[in-house]
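Some notes on the structure that comes next.
The values are calculated or read from the model by the stated rules, or taken from the named source; none is laboratory data. Since the model is a prediction, treat every value here as computed from it, not as a measurement. Counting neighbours? That spans all protein chains shown, and the Cβs are built from the backbone with ideal geometry, glycine included.
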Amino acid sequence: MAIFLSEADITSLVTINDAIDAVGEVFKIRGDGDVINPPRQQIDIPSGYLRLTSAIVNPMKKIAVKVSSSMVFDSDSGRTLLLIDADTGRVDAIIEVFRLGALRTAAASGVGTKLLARDDADSIGVFGTGRQAKTQIAAVAAVRPIKKVLAIGRNKERLKAFCADMTAELDIPVIAATDPLELYECAVLVAATTSAEPVIFGEHLKPGTHINAIGANRLERREMDDEVLRRCALVTVDNKVQAEKESAVLLRAVEQGTLTWDDVLELGDFMTGTGADKRTSEAITLYNSHGVAMEDVALATKAFELAQEKGVGTKVPFTLG
């Protein structure tokens, strides 16, 4: 008997700290080489496309398979995850994934910030005011002593509402910036946009800045200019194979000779000690997120365990064969 977990269920069950712990664990497992995480596949269909992602995390004995629709569809359609027991092949849970996805992406940035940002980082500059931007702020604030957040977005009314909501939620002043240059005074920069043009420019970066760039997970998106990569002492991703297929900014940097793929580390590598000598108080560091299925496995497993513990979810007859 599987359980169905709705968006509301996930919101009630999983905190940002739960998510950071779970995703941190799977990055460590990845660093030890005990994860199978093939690149996601895209299937073109007449009205858009479907993305299929999957991974097996052997120590957790869980498999995740997720189907995501393109934005051509209604925003509530076509996004579902199956959590499967790796020993039996049975479906443990069927999960709606908007909240899960926002939490897992933010949690990965939380792990990246914890590993790469200065210990005294106390401010965030965030480009974007959407659902992902909210959880990104929460994740960074969970791992660093954040005292102030500056935000900027294209829509002034949405920006105003975003700042009010996040100030109330986190009890940290979240302030609408009037000029993007204000954000470069912050210790941590977050790009949470779908922009095809850069929103972060390397010429303005201060020494010791850490960047979480999370929106450009398709080749037509590009949140950073070329100078950002020239100035970064440490470049990390969640999954290098995925980045080689989807990161326009990294592909450009490799083509231009700014870096090689050998220079790019996965967070799992960094957790095992590789590249740690490059983390200094003056270093500019980057975590370029793409969102991969092993993170879904970790967070879905955590949600499933919490649901069982608290009796949350709807039971669904679901058997194989």
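Within the stretch 211-251, the set of residues being modelled with pLDDT of 90 or more and of a type outside the set (A, V, I, L, M) comprises 212, 225, 226, 227, 230, 231, 232, 236, 238, 239, 240, 244.
Of all residues in the stretch 280-321, which are of a type outside the set (D, E, K, R) and assigned to a helix (DSSP H, G or I)?
Answer for the stretch 280-321, where residues must be of a type outside the set (D, E, K, R) and assigned to a helix (DSSP H, G or I): 293, 294, 297, 298, 299, 300, 301, 303, 304, 306, 307, 308.
If the condition is being within 18 Å of residue 22 (Cα to Cα), surrounded by fewer than 24 Cβ atoms within 10 Å (Cβ to Cβ) and either of a type in the set (Ser, Thr, Tyr) or out of contact with any strand residue (DSSP E or B) (no Cβ under 9 Å at 6 or more places or on another chain) (or both), then the stretch 103-131 contributes only 114. Does the stretch 312-320 include one or more residues that are over 14 Å from the mean Cα position of the chain (by Cα), under 19 Å from residue 30 (Cβ atoms) and not assigned by TED's automatic domain parsing to the domain that holds residue 200? No, the stretch 312-320 has no match at all. Among the residues making up the stretch 229-262, a single one is over 19 Å from the mean Cα position of the chain (by Cα), buried (at least 22 other Cβ atoms within 10 Å of the Cβ) and of a type outside the set (A, V, I, L, M): 232. Listed conditions (1) crowded, with 22+ Cβ neighbours inside 10 Å; (2) touching a helix residue (DSSP H, G or I) at 6+ places or on another chain (Cβ under 6 Å) are all met by residue 142, apart from (1).
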